[in-house]
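**Student:** Here it is, the structure in full.
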C-alpha cells in the first residue's frame, strides 16, 4: 500500500505543479513538489531508497514529457505561419473538414476547421471558423470552402479573462477566419456525431430545452450538449457540475446495471456485456479525460474481478493516470483531467477511512448517513485546491446538494441512457411517436432536480468567492491539507495548521488591499477599484459583452457584487437585466438614469467617482485615501499620465 500511496501522491502533486506553473517556473515548481513529496513519504510511509528512486525516476519521465508538451507549437504547415507578424489580416481561401458542430450564438456559427488546403496549396493544421451571419447549420464532417480574413487570435487582456488565443491553444489552433458564407463541398460519414446530435435533438424536442438538455447531458456530457447557460451556472454554484460532466459516476451506473443484469451468466458474457457498455459510453461521450479515465479504470477492475482476483483501486488509478499521461501528455494541463484525478484519488484513499471515522466518532443520527457523506466530502476535499486555483470559488452547500440530488441522479441517468438507446436503434417515426410518452415521467423527475438545483444555488452565500489566489498560495494550502487527506500522515496534522493559516492570511491580505485594475479589450475599457475587500467598477460600454466581462472580473477577483457600477456609454442599450445583479447601485443611461454631471459624485466607503471640469470631461477616482485624475473620454489612464493626487500620493 505504501508504494502505491507514494506513487499516487507524487503523481497528484506533480499534476498540481504542472497546473500551478505554466511559465519558466515550471521545472522549479515540479522539483520542489517532488522533493517535498519524497521527503514526507520516506519519513511517514517507510519506503526504502530504491523504491523511492524508482518511483521518482518514473514519475519524472512522465511529468517531464507532460512539461515538454505544456507549450505546444504549430505544425510547420499550419495556416498561422502565413499570417503577417505585423499588419492587417490576410485574405485567403481555405478548404477543410469541420471537427465539431457549429453552435449558433447571436446569429453567428463557430466551429473548429481542420485545414486541408490554403489558396490551393497543401496545408496541415486547425483554425477556428466564424460564419456571420449563419444561414445554415454546420455539422461535423462537412468539407467546406471558406474565403475570409485569416488572423491570429488575441490573447486575454487580463489573467482573469480567457482570450481567444488561450481558448484555441487548448484545441490545437493558432488562427481564426471569419466569413459571411461558406460552400459545402461534401459530407463525411460521421455516425457518432450524428448519433449524439439525434439524441440531443430528440430529448430537447420531447422534454424542452432545460429538461431535455439535462437528460442529454446525463448521457453525452455537457461538453457535447448545448446546455442553457443559467442551468449550467446553477449546477456549478450548487456544487453539482460533476453530474453534467461525463465521468465515472455515469459509467458506474451503466456498468453496475449491466453486470447486475448478467450476473447469472458466464464470465465471458459479463465481460462482453461490460465491455460493450463501456465502449458505447466512450463512443457517445467522446474521448474526454474524465471519460477515458473512467473507462480504463472500469475495464481494469472488470478484468481483475472476473479473473477471481481482488483489485486494488489505488494501484489501478495510478496505472491509469500514468498511461493517460504517456499517451496524451497535454492532458496534464487539462482542468478536467486534474479534477477527475484528484476526485478519484479522494474517493479511493480517503472515503473509506472517513466513513469509518463518522461511524465511530459521529453522533448517532449521523452514522446512518456516513456512507452517503463520506464520498462527497472526500471528493470535495481533494479538489478544493484546484477549484480555488482555476475558478477562485468553491460551493458552500455542495455537501447538502449532493445528498439531496443523489436519489434523483441515479434513476435519471439510467433512464436517460435507456431512452438514448431507444433513439439510436428505433426508426425515426417510431421514436417520434413513442418517446414523448416514455420520457414524460423522466422529464418530471428532471424538473424536480432542476428546481432543487436552482433553489440551492439561490441560497445566501451559495459559493465562497476567494478570488484566484497565487499558485504558491494554492501549493501551500494543498501541502497543509495532505495530512488531513491521508490517514497515514495524521501525526503531521497539527504541524500543517500554521501552513494553512499562512495561506489564508496571505490571500486575505491580497483581497483586503487597495488596488486599481485596468483592462482594455475589443475597443472597450473597464476600471475596477478595490478597497478593503470591496470593489466598484467603471465601464466604457454598456453592451452585453461589456457586462459579461464585468461579471468575470468580479467573480475572478472574489467579489459577489460591486458597491456601484458606472456605465459611461452614451449610447442607450437594453442590458439592465445583466447589469442590475452586478452591483447595489448601477448608474447607466440605458436604465433611464442621467449620466454624472460636473460636480456630481458616486461614492461608497473608500470608493468614489467624481466628475470634474467645466464640461465634465475629467473624472476623479477615489481608492481609499488616494485620488486619481483621468480623462472621461479615455476612461483608462493613458501611458505616462498615471497621477495620484491628494493625500497618500504614490506617483
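The values are calculated or read from the model by the stated rules, or taken from the named source; none is laboratory data. A quick note: this is a predicted structure, and the numbers were derived from the prediction, not measured. A quick note on method: Cβ atoms are made from the backbone with ideal geometry, for glycine too, and the neighbour counts reach across all protein chains shown.
**Student:** Could you please let me know if residue 217 is assigned to a helix (DSSP H, G or I), under 20 Å from residue 442 (Cβ atoms) and either assigned by TED's automatic domain parsing to the domain that holds residue 453 or in contact with a strand residue (DSSP E or B) (Cβ under 9 Å, 6 or more places away or on another chain) (or both)? It would help to see each step written out before you state the result.
**Tutor:** Values: assigned to a helix (DSSP H, G or I): yes; under 20 Å from residue 442 (Cβ atoms): yes; either assigned by TED's automatic domain parsing to the domain that holds residue 453 or in contact with a strand residue (DSSP E or B) (Cβ under 9 Å, 6 or more places away or on another chain) (or both): yes.
So residue 217 passes the test.
**Student:** Moving on to the next point. Residue pairs, Cβ under 6 Å, 6 or more apart or interchain, first in segment 341-354 and over 18 Å from residue 295 (Cβ atoms), second modelled with pLDDT under 85 and assigned to a helix (DSSP H, G or I). List them.
**Tutor:** 350/485; 353/487
**Student:** Could you please give the count of residues in segment 451-487 that are surrounded by 17 or more Cβ atoms within 10 Å (Cβ to Cβ), more than 21 Å from the chain's Cα centre (by Cα) and part of a helix (DSSP H, G or I)?
**Tutor:** Within segment 451-487, residues that are surrounded by 17 or more Cβ atoms within 10 Å (Cβ to Cβ), more than 21 Å from the chain's Cα centre (by Cα) and part of a helix (DSSP H, G or I) number 8.
**Student:** May I pose another question? What number of residues in segment 129-155 are more than 21 Å from residue 101 (Cα to Cα), touching a residue at least 40 places away in the same chain (Cβ under 8 Å) and assigned to a loop (DSSP other than H, G, I, E, B)?
**Tutor:** Count: 2.
Each row is one residue, and each column tells you yes or no for (1) farther than 23 Å from residue 105 by Cα; (2) at pLDDT 80 or above; (3) assigned by TED's automatic domain parsing to the domain that holds residue 521; (4) out of contact with any helix residue (DSSP H, G or I) (no Cβ under 7 Å at 6 or more places or on another chain).
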{"residue": "549", "(1), (2), (3), (4)": "no, yes, yes, yes"}
{"residue": "561", "(1), (2), (3), (4)": "yes, yes, yes, no"}
{"residue": "566", "(1), (2), (3), (4)": "yes, yes, yes, yes"}
{"residue": "570", "(1), (2), (3), (4)": "yes, no, yes, no"}
{"residue": "598", "(1), (2), (3), (4)": "yes, no, yes, yes"}
{"residue": "602", "(1), (2), (3), (4)": "yes, yes, yes, yes"}
{"residue": "606", "(1), (2), (3), (4)": "yes, yes, yes, yes"}
{"residue": "613", "(1), (2), (3), (4)": "yes, no, yes, yes"}
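**Student:** Any idea which residue in segment 358-367 is modelled with the highest pLDDT, counting only those that are farther than 21 Å from residue 397 by Cβ and surrounded by fewer than 14 Cβ atoms within 10 Å (Cβ to Cβ)? Full working, then the answer.
**Tutor:** In the first step, residues of segment 358-367 are kept if they are farther than 21 Å from residue 397 by Cβ; the result is 359-361, 364, 367.
Filter once more, so that each one left must be surrounded by fewer than 14 Cβ atoms within 10 Å (Cβ to Cβ): 360-361, 364.
Details: 360: 85, 361: 81, 364: 77.
Among them, the one singled out is 360.
For (1) touching a helix residue (DSSP H, G or I) at 6+ places or on another chain (Cβ under 6 Å); (2) at pLDDT below 85, each residue gets a yes or a no:
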{"site": "277", "(1), (2)": "yes, no"}
{"site": "280", "(1), (2)": "no, no"}
{"site": "291", "(1), (2)": "yes, no"}
{"site": "294", "(1), (2)": "yes, no"}
{"site": "297", "(1), (2)": "yes, no"}
{"site": "303", "(1), (2)": "no, yes"}
{"site": "311", "(1), (2)": "yes, yes"}
{"site": "316", "(1), (2)": "yes, yes"}
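**Student:** Take residue 373 and tell me if it is assigned to a helix (DSSP H, G or I) and either on the phi > 0 side of the Ramachandran plot or outside the structural domain of residue 291 (by TED's automatic domain parsing) (or both).
**Tutor:** It is true that residue 373 is assigned to a helix (DSSP H, G or I) and either on the phi > 0 side of the Ramachandran plot or outside the structural domain of residue 291 (by TED's automatic domain parsing) (or both).
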